[in-house]
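The values are calculated or read from the model by the stated rules, or taken from the named source; none is laboratory data. Model, not experiment: these values are computed from the prediction. Because the Cβ atoms are built from the backbone with ideal geometry, glycine has one as well, and the counts that use them run over all protein chains shown.
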Amino acid sequence: MSSHRKLQYSLAINEALHQMMEKDASVFLIGQGVKSPWYVGNTARNLLERFGAARVIDTPVSENGITGAAVGAAIAGMKPVVVHPRLDFMFYAFDPIINEAANWYYMNGGKASVPMVFWGIINRKGEQAAQHSQAIHGIFAHIPGLKVVMPATAYDAKGLMIAAIQDPNPVVFVDERLLYGFEEPVPEEIYRVEIGKGRIRREGKDATVVAVSLMVHEAMKAAECLASEGMDVEVLDLRTVKPLDKELILNSVRKTGRIVIADMGWKSFGISAEIAALVAEHAFDSLKSPILRVALPDCPAPASRILEKAYYPDENDIIGAVKKVMGK
Amino acid sequence: MGYDIELLEHLFRTMLRIRLCEESFVEPILRREVFTPCHLYSGEEAVAVGLSSALSRDDYVFGNHRSHGHFLAKGGSMREMAAEIYCRESGCSRGRGGSMHLIAPDVGMLGSAPIVAGTISLATGAALASSIRKDGRVAVSFFGDGATGEGVLYESLNFAALMKLPVIFACENNLYATHMPIRECRVNLPISRIAEPFGIEIHTVDGNDVLQVHEAGRQAVESCRTGKGPVFMEFMTYRFRGHVGPDDNIQGSHTDIRPKEEIAMWMDKDPIKKFEQYLKENQLLDKDRLQVIKDEVMAEVLEAQAFAKNSPSPGREELTKYVFA
């Protein structure tokens, strides 16, 4: 039974790429390190052997030029997946991603779309410091014309990669290296996780925790712990950052009256601020306590592992925030 | 010689279509009926027309901020372009793009954009698509001398050379990057030499001689189509008007610092006048035939202007219609 087959998160991405490249000759993978597990883990396993160097293209270190080439190929009818082994490297590629790909369909009056995936990997921790670990999904989410997905589970990683490849728009797919080893049942067949739909990971009635990517796992641990203290927490997994599943969030807050937002990025001007504003605008009357956020402090990522522990929030920060909104 | 008359007529007619269409916007811009920033192509027609005449309909072109000529030369509709310049719903980009975003996918005009050098990598990628599909298409990137200051040009040259992509890097050297003389922007070497370290085939061409452009273009396209990899072409040319807007001294503000003698010298090398003279002297097209073409082109331009001005603007209710496909 395929539904019982377990797969690691990274291999779920790998399977999505295999299946999409087999199904659609216009899909190709391009980026720095696609030949090397050192860069992209085992997400690209056996792709080169199976599909050849014409469709699995390891590149010179030229993020701007290569990303632009992928955008141009998409405009010319291909469906590229361009991978950046670290999100930090994507700053060089902001022009093709934002100025060109995100705007293309609109500024050409719908005459040509850019069906492609910008895939970037977050690399938290490991004393990698400020330029090897940044989570910049909030910046992408700010840009009209881009969709942004952030799977937390292996099932969603496969389903969202397939949905991203099949979407007629540019989609930014953000994963996190620390998730690569997580394993769960993943169907063998091709399936899509709908872009724009979040999911209730755990039902509860006392408080809502909205989380994304790795923070979903921290939120689940926090919810277990809080349950033992008699607090019933609902955990929402956004799965897609943009377009945001507003109804999922608002319905939950209307039920619980309390919300904690756990993001991967910096606190100021990021998606936690966006969700807080959404709740304030549309569910203010349901709130029994102020909205709280668990996010990175406004500080570059440090190298020292001692400082890293202070920098990256975890389940304990979520527990503290939930207790605060519960008045405990 | 030995060009058939159809080609010669096409070259003359298309250059004239671009010139008269561009010039038809001078008054509307001065009257402020046209607001979108127009970077007029007058004076550079031979480049777009000569090179595009060496391409087939399926080949790809990416333009830049000054792409009215590229769009028309590749076969885009004049009335849709005119309507776009008036930002009307009937424009090629439905009034969402304006003068700097011209597209006609049906004829291989894949788009234009004003971020300097921003479309060079896109054209390289269209060539990559062609190379993966093995469909024989060639992609052309039109950019100006100012774009040689951008890093992405060098990234694209390297990648295209490495992958032997069928892309033509077409540099229109009009000697000025907006207001800056090119000698104040870069060390004074021929621009085409930047392609040398990448082992890319280079052509330096008189960009005001449409037959020379066509001939060099044919060779470059052939080279790309037979898998020999990219070609870099530098076209020496000059714009007759300012960087943006219709006047040498932009709308009376005297921002164009080009010397009068230099402008006069290049006006003498007007690519259309030169070609008309050549056609007459060699008795390839007679005066009457040339007059018929001129009349037809003028009628087309007037019709395009009327179509554009009479077209409705986009509706407010459709503001966000094309954010996502």
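General observations
- Options B:Ala129, B:Ala123, B:Ala139, B:Ala117; residue that is touching a Leu at 6+ places or on another chain (Cβ under 6 Å) and either at the interface with chain A (Cβ under 8 Å from one of its Cβ atoms) or within 13 Å of B:Phe62 (Cβ to Cβ) (or both): B:Ala117
- Of all residues making up the range A:93-141, the number that are within 14 Å of chain B (Cβ to nearest Cβ), out of contact with any helix residue (DSSP H, G or I) (no Cβ under 7 Å at 6 or more places or on another chain) and under 14 Å from A:Val174 (Cβ atoms): 0
- Residue check for A:Pro60: surrounded by fewer than 22 Cβ atoms within 10 Å (Cβ to Cβ), within 13 Å of another protein chain (Cβ to nearest Cβ) and over 20 Å from the mean Cα position of the chain (by Cα): yes
- Looking only at residues of the range A:90-106 that are out of contact with any strand residue (DSSP E or B) (no Cβ under 8 Å at 6 or more places or on another chain) and among the hydrophobic types (A, V, I, L, M, F, W, C), we find that the one that is surrounded by the fewest Cβ atoms within 10 Å (Cβ to Cβ) is A:Phe91.
- Applying the set (1) over 19 Å from the mean Cα position of the chain (by Cα); (2) more than 14 Å from every other protein chain (Cβ to nearest Cβ); (3) not in a helix (DSSP H, G or I) to B:Glu234 leaves exactly one unmet item: (1).
- Unmet requirement for A:Asn42, which otherwise passes all of (1) modelled with pLDDT under 95; (2) at the interface with chain B (Cβ under 7 Å from one of its Cβ atoms): (2)
- Considering the range A:166-195, the residues that are buried (at least 18 other Cβ atoms within 10 Å of the Cβ) and within 14 Å of chain B (Cβ to nearest Cβ) include one that is nearest to A:Asp245 (Cα to Cα), namely A:Ile195.
- Test for A:Lys79: is it of a type outside the set (Val, Ile, Thr), in the same structural domain as A:Lys111 (by TED's automatic domain parsing) and free of Cβ contacts under 8 Å to residues at least 24 places away in the same chain: no
- For the range B:303-325, the candidate set comprises residues that are within 25 Å of B:Thr14 (Cβ to Cβ) and in contact (Cβ under 8 Å) with a residue 60 or more places away in the chain; within that set, the residue that is nearest to the other protein chains (Cβ to nearest Cβ) is B:Ser311.
- Residue satisfying condition, being acidic (Asp, Glu), in contact with a strand residue (DSSP E or B) (Cβ under 9 Å, 6 or more places away or on another chain) and surrounded by fewer than 24 Cβ atoms within 10 Å (Cβ to Cβ), within set B:Asp106, B:Asp145, B:Asp135: B:Asp145
- Looking at A:Lys288, A:Lys255, A:Lys309, just one residue is over 26 Å from A:Val193 (Cα atoms) and either surrounded by 18 or more Cβ atoms within 10 Å (Cβ to Cβ) or touching a residue at least 12 places away in the same chain (Cβ under 8 Å) (or both), and that residue is A:Lys288.
- From the options A:Val209, A:Val233, A:Val241, residue that is surrounded by 24 or more Cβ atoms within 10 Å (Cβ to Cβ), under 13 Å from the mean Cα position of the chain (by Cα) and touching a residue at least 24 places away in the same chain (Cβ under 8 Å): A:Val241
- A:Gly109 being crowded, with 18+ Cβ neighbours inside 10 Å and assigned to a loop (DSSP other than H, G, I, E, B): yes
- Restricting the range A:63-76 to residues that are in contact (Cβ under 8 Å) with a residue 12 or more places away in the chain and out of contact with any strand residue (DSSP E or B) (no Cβ under 9 Å at 6 or more places or on another chain), the residue that is farthest from the other protein chains (Cβ to nearest Cβ): A:Asn64
- If the condition is being surrounded by 14 or more Cβ atoms within 10 Å (Cβ to Cβ) and in contact (Cβ under 8 Å) with a residue 60 or more places away in the chain, then the range B:259-288 contributes B:Trp266, B:Lys269, B:Asp270, B:Pro271, B:Ile272, B:Lys274, B:Phe275, B:Glu276, B:Tyr278, B:Leu279, B:Leu284, B:Leu285.
- Residue count for the range B:276-301 under the criterion of being basic (Lys, Arg) and under 24 Å from B:Ala83 (Cβ atoms): the result is 1.
- Strands (runs of 3 or more DSSP E) within the range A:143-191 that include 3 or more residues in contact with a helix residue (DSSP H, G or I) (Cβ under 6 Å, 6 or more places away or on another chain): A:170-176
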